[in-house]
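See structure below.
The values are calculated or read from the model by the stated rules, or taken from the named source; none is laboratory data. All figures in this text were calculated on a predicted structure; none of them were measured in a lab. As a convention, Cβ positions derive from the backbone with ideal geometry for all residues, glycine included, and neighbour counts pool all protein chains shown. Side chains included, ligands, DNA and RNA excluded: accessible areas come from the protein's heavy atoms. Shrake-Rupley method; radii C 1.70, N 1.55, O 1.52, S 1.80 Å.
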Amino acid sequence: MSRWKEWIGMINLAINGFAVTVEDGSTLLEAAQFLGFPIPTLCHLEGLSPYGACRLCVVQIGQGDRARLVSSCTYPAQEGLRVWTASNRVLRARRMVLELLLGSCPQSKTIQDLASAHGVRQQRFRQEQEDCILCGRCVRMCREQMVAGAIAFRGRGATRSIGTPFDRNSEQCRLCGGCLYVCPACELRCTYTDAPERAVCGGCANLAPPCAEQEGFDHMMCYMNPCVACEIPTPEPQPGVPS
Amino acid sequence: MTAAEIKEERWFAPPDAGDDELDVAEILQKHAGQRGGLIAVLADIQSRWGYLPESALRSVSAAMDRPLADVYGIATFYRAFSLTPRGEHLICVCLGTACHVRGGPGVAEEIGRQLGIHSGQTTDDGRFTLETVNCLGACALGPVVVIDGHYYSKVTRLRVAGMLEDAREGRLGTAEGREHRLPIEVACPRCNHSLMDAGHPIDERPSIRVTVGFGEDYGHLRLSSWFGSQRSGSESEIPAGRLTDFLCPYCHQGLTGTDACPECEAPLVTLLVRGGGAVRLCSRQGCPTRRLDLP
Ligand code: SF4
Ligand code: SF4
Ligand code: FES
Ligand code: FES
């Protein structure tokens, strides 16, 4: 190894069998993307802190018996690491993650497109019609980019949800729409009706926002009033109630 | 409900007007400068007022410079915190795996039926709150129910009425209580030898035998192995209020620890409970302090 690499803090690792040199302190995802190895991501967003919630970005590290899957968006690049971004095991895990995500949010176009791009051809899980996959993008957006901290995770386990404290209009919200903008679930929806196999067609171009569908979505992930995306008439402010 | 109605309900719910400004300054002061003291502050508020009032959460958020959304997130994450006032008596039914298969859900249902509430709710008269937890670490004794810190083991539907009555009449943890006791089996924490003495039963169960020393005298003290029963027997008369040394009758090492009794400040004696956990009792003769720490 040449001296200059140490001087400027570079480290050597192998990605998909290629010896590469990346800046110290970068994550595997950053390293791979910089060098042009594609890794799909969902909860990761440039400019927001890594979160590691969706596990879509799994890669394999190590060899033989010690090989394991890690989320590349949170795993720091290390000297001498051997990384495989598209081994069979990785692809299988990714397809499973996508199938599960599709089960919880089958109408999200983002997830559908990812699923069809990664060869998910079936949907074996019961469809939940959730309106949030708890990826935490909106929470980080609101906190880190908007410095508002108006929304956060609430509760835990099966009842974990995103929202404002006490489910009320937050005084901290800047009405910027950032949370809606980054949400992979709160966006254009596929209009298929009920057939599970149609959840992975990935071919339609529906332009109706999710809240326009009146049934099925009882807690829209929308903290804005009025909402920039949907055309639901907002109620007249009532006297004496801060809106 | 249409989406528009939901929006209306959600966005225009009037703020809770019932909360008075509560004085949380003192609690905040106590934890000032502590890193990550948020949970400690919330725990103090919870134990002081029995719940986390909205105004308190707002003051904490302002004083600790954390977004209200964060504070709210933490308050809703932990089961120990509650955002609505809890009842006078808190009933916790264990629904962990062991208690579940031994009939915990049936017990929870029966308690709910008798009180007319579901898990997580408080009775209208504000006397009882019913909650469920996932494992209290006393699995071998399941189904376990805890009422105001008093453990009930191997609870059946038939015992529920008696337990609730004990709580209503304020008999929890007293000898008159019908349903308050928990059988324990203890061992010496030093040599791990069982301290159970089948030859001298108390309350129809093998007693717990320890050696006690006071002044120049030594003798055996036998305690009831029902946690919650204060019955004991001793070969020699120990004057009440007397500090005694507790020794293991087998390895003769001292059992007195460093923790002090919250009532009388005498050192507490620690005995291991078979199956995990420890029971603490006060080394002052006649002091009723008994504590069961299950892992
Ligand atoms: S609209 Fe409000 S909640 Fe959403 S990111 Fe902006 S400040 Fe945060
Ligand atoms: S609301 Fe959207 S961005 Fe926020 S956690 Fe849920 S899916 Fe992710
Ligand atoms: S992008 Fe890495 S876990 Fe979601
Ligand atoms: S399952 Fe109830 S105490 Fe462990």
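For the chain pair A and B, the interface hides roughly 2800 square angstrom of accessible area in total, found with a 1.4 Å probe.
Rounded to the nearest 10 degrees, the angle from helix B:38-49 to the longest Cα principal axis of chain B is 80 degrees. Helical runs (DSSP H, four residues minimum) scored at -39500 (n - 2.57) apiece and divided by the length of chain B put the mean residue ellipticity at 222 nm at -7500 deg cm²/dmol.
Keeping every protein chain present and rolling a 1.4 Å probe, give me the accessible area per residue for chain B in Å². Write out the running numbers ahead of the final one.
Details: 14590 Å² over 295 residues.
Roughly 49 Å² per residue, with all protein chains present.
Once you list every other residue whose beta carbon is under 13 Å from the beta carbon of residue B:276, what net charge do they have if Lys and Arg are +1 and Asp and Glu are -1? Intermediate results must be reported in sequence, preceding the final value.
Working: positive: B:274; negative: B:185, B:293.
Neighbourhood net charge equals -1.
By accessible area, using a 1.4 Å probe on protein heavy atoms only, segment A:3-93 has 53% of its surface on carbon and sulfur. Computed about its Cα centre, the charge dipole of segment B:101-254 is approximately 380 debye, with only Lys, Arg, Asp and Glu carrying charge at their Cβ. Residues of segment B:28-71 whose accessible area (probe 1.4 Å, heavy atoms of protein chains only) drops by at least 30 Å² once all protein chains are present, relative to their chain alone: B:54, B:58, B:67, B:68, B:69, B:70. Using R0 = 51 Å, the C-beta based FRET efficiency linking residue B:185 and residue A:63 works out to 0.50.
Just how large is the dipole of segment B:89-168 about the Cα centre, in debye to the nearest 20, putting +1 at every Lys and Arg Cβ and -1 at every Asp and Glu Cβ? Let's see the in-between values first.
On the way: 7 positive and 8 negative charges, 60 e Å.
With Lys and Arg at +1 and Asp and Glu at -1, about 280 debye.
With a cut-off of 12 Å between beta carbons, the residues surrounding residue B:213 carry a summed charge of -2, where Lys and Arg count +1 and Asp and Glu -1. Using the 1.4 Å probe convention, the accessible area of segment A:3-93 works out to 55 Å² per residue with neighbouring protein chains retained. Extending 7 Å from the Cα toward the beta-carbon at both residue B:34 and residue A:127 defines two label points whose distance is 5.0 nm. If I compute solvent accessible area with a 1.4 Å probe over the protein chains, what percent of it on chain B is carbon and sulfur? The nonpolar share, carbon plus sulfur, comes to 49 percent. Per-residue 3J(HN,Hα) values for segment A:60-74, derived from phi via the Karplus relation 6.51 cos²θ - 1.76 cosθ + 1.60 with θ = phi - 60°, read 9, 10, x, 9, x, 5, 8, 5, 8, 9, 9, 7, 5, 6, 10 Hz in sequence order (x marks Gly and Pro). For residue B:154 and residue B:65, a Förster radius of 51 Å and the Cβ-Cβ distance give a FRET efficiency of 0.55, rounded to the nearest 0.05.
Run the dipole for segment A:82-186 about the Cα centre, Lys and Arg Cβ at +1, Asp and Glu Cβ at -1, nothing else charged, and hand back the magnitude in debye, nearest 20.
Working: 17 positive and 8 negative charges, 109 e Å.
Approximately 520 debye in magnitude.
So what's the angle, to the nearest 10 degrees on a 0 to 90 scale, between helix B:54-64 and the longest Cα principal axis of chain B? Taking Cα atoms only, the helix is inclined about 80 degrees.
Checking Cβ-Cβ separations below 4.7 Å across chain B identifies B:92, B:135, B:139, B:264 as cysteines lacking any candidate disulfide partner.
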